[in-house]
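These notes concern the structure reproduced below.
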Ligand code: ADP
Ligand code: 5GP
């Protein structure tokens, strides 16, 4: 069997980011009730897929054990966060479980212009704001198998107090009710299956007709040699 390369999109080793003018980057939004497994899945996705960049949000939440400033989040106080809001530095921001979280504009737009896909791991309020600003974005909602599975995942993660876990569980019904606003639903029961489902969405979106680079098409099929750019 011969091996054929059919894509005109940049292919690099997973984890590398290779700027391209082939197309604009795609904005992927992932939301899920806390404890569903979205951070676990998003880390795997960015490790497995080439040319995907995970945006780093700002938050006023305190770091959990093992979290590093600039990797999971930029951890800042309320005052500088408010100043960033005033300077219009966020694509969206929201108060979630009592803390402020926001997605910065600068790096996100740079990556999209460079043709690198961007992954946002944000709550439902933020997702709705981003969808309005980026109509071309792709939204994915991840569901846990059940509330009891979610409770046990939050307890196993052991990163939040019993009170905080209760607070997060109380919001689940309200969060899940927004599922209709998302283009895709992935049920995170078996981790490797969910990862496969997510990867399929990412690859399919990259192949959508509307994202095809017209210059590439014209140069290869339409224009004569002397007309090519
Ligand atoms: P979130 O980012 O949605 O709050 P995490 O990624 O932190 O959730 O996952 C919460 C806990 O659930 C972690 O301990 C993680 O290892 C575990 N977990 C994630 N996905 C699964 C799964 N499919 N089956 C069992 N446990 C899972
Ligand atoms: P955690 O404290 O568990 O890291 O995150 C709590 C919630 O805040 C999660 O639903 C997470 O997706 C969301 N979140 C993280 N960053 C952002 C952000 O920049 N904007 C918004 N709106 N939500 C965020």
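For the stretch 67-78, enumerate the residues that are under 16 Å from the mean Cα position of the chain (by Cα) and part of a loop (DSSP other than H, G, I, E, B).
71, 72, listed by residue number.
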Next on the checklist: Contact list please: Cβ distance under 9 Å, first residue in the stretch 45-66 and without any contact (Cβ under 8 Å) to a residue 12 or more places away in the chain and on the phi > 0 side of the Ramachandran plot, second residue surrounded by fewer than 17 Cβ atoms within 10 Å (Cβ to Cβ) and assigned to a loop (DSSP other than H, G, I, E, B), pairs at least six apart or on different chains.
Outcome noted: 66/159
Item to check | Complete set of residues in the stretch 17-66 that are under 12 Å from the mean Cα position of the chain (by Cα), part of a loop (DSSP other than H, G, I, E, B) and within 12 Å of ligand 2 (Cβ to nearest atom) | outcome: 32, 55, 56
Checklist entry - Looking at the stretch 83-93, is at least one residue at pLDDT below 95 and either part of a loop (DSSP other than H, G, I, E, B) or under 14 Å from the mean Cα position of the chain (by Cα) (or both)? => result no
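Take the conditions at pLDDT below 90 and either closer than 25 Å to residue 43 by Cα or surrounded by 13 or more Cβ atoms within 10 Å (Cβ to Cβ) (or both) and apply them to residue 219. Does it pass? It would help to see each step written out before you state the result.
Working: at pLDDT below 90: yes; either closer than 25 Å to residue 43 by Cα or surrounded by 13 or more Cβ atoms within 10 Å (Cβ to Cβ) (or both): yes.
When the stated conditions are applied, residue 219 passes them.
Conditions tested, residue by residue: (1) more than 8 Å from ligand 2 (Cβ to nearest atom); (2) under 16 Å from residue 60 (Cα atoms); (3) outside any helix (DSSP H, G or I).
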| site | (1), (2), (3) |
| --- | --- |
| 95 | yes, yes, yes |
| 103 | no, yes, yes |
| 110 | yes, no, no |
| 125 | no, no, no |
| 129 | no, no, no |
Checklist outcome for this item: Within the stretch 55-71, the residues that are touching a strand residue (DSSP E or B) at 6+ places or on another chain (Cβ under 9 Å) and surrounded by 12 or more Cβ atoms within 10 Å (Cβ to Cβ) are 55, 56, 57, 58, 59, 60, 61, 63, 67
Next on the checklist: I want to confirm something. Restricting to the stretch 78-102 and keeping residues that are surrounded by 11 or more Cβ atoms within 10 Å (Cβ to Cβ) and within 16 Å of ligand 1 (Cβ to nearest atom), which single residue is nearest to residue 55 (Cα to Cα)?
Outcome noted: 101
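This table checks each residue for (1) without any contact (Cβ under 8 Å) to a residue 24 or more places away in the chain; (2) over 28 Å from residue 93 (Cα atoms).
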| residue | (1), (2) |
| --- | --- |
| 125 | no, no |
| 128 | no, no |
| 135 | yes, no |
| 153 | no, no |
| 167 | no, no |
| 170 | yes, no |
| 180 | yes, no |
| 212 | no, yes |
Next on the checklist: Just the residues that are in contact with a strand residue (DSSP E or B) (Cβ under 8 Å, 6 or more places away or on another chain) and more than 20 Å from residue 203 (Cβ to Cβ), please, taken from the stretch 34-54.
Outcome noted: 36, 37, 39
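Regarding residue 117, is this residue farther than 13 Å from residue 34 by Cβ, out of contact with any strand residue (DSSP E or B) (no Cβ under 6 Å at 6 or more places or on another chain) and modelled with pLDDT of 95 or more?
no
State yes or no: is residue 152 assigned to a helix (DSSP H, G or I), touching a strand residue (DSSP E or B) at 6+ places or on another chain (Cβ under 9 Å) and within 11 Å of ligand 1 (Cβ to nearest atom)?
Working: assigned to a helix (DSSP H, G or I): yes; touching a strand residue (DSSP E or B) at 6+ places or on another chain (Cβ under 9 Å): no; within 11 Å of ligand 1 (Cβ to nearest atom): yes.
No: the conditions fail for residue 152.
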Checklist entry - Just one of 68, 40, 60, 109 is more than 16 Å from ligand 1 (Cβ to nearest atom) and within 22 Å of residue 158 (Cα to Cα); which is it? => result 60
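The values are calculated or read from the model by the stated rules, or taken from the named source; none is laboratory data. What you see is a predicted model, and the numbers here were worked out from it, not measured in a lab. So basically every Cβ, Gly included, is an ideal-geometry build from the backbone, and we count neighbours across all protein chains shown.
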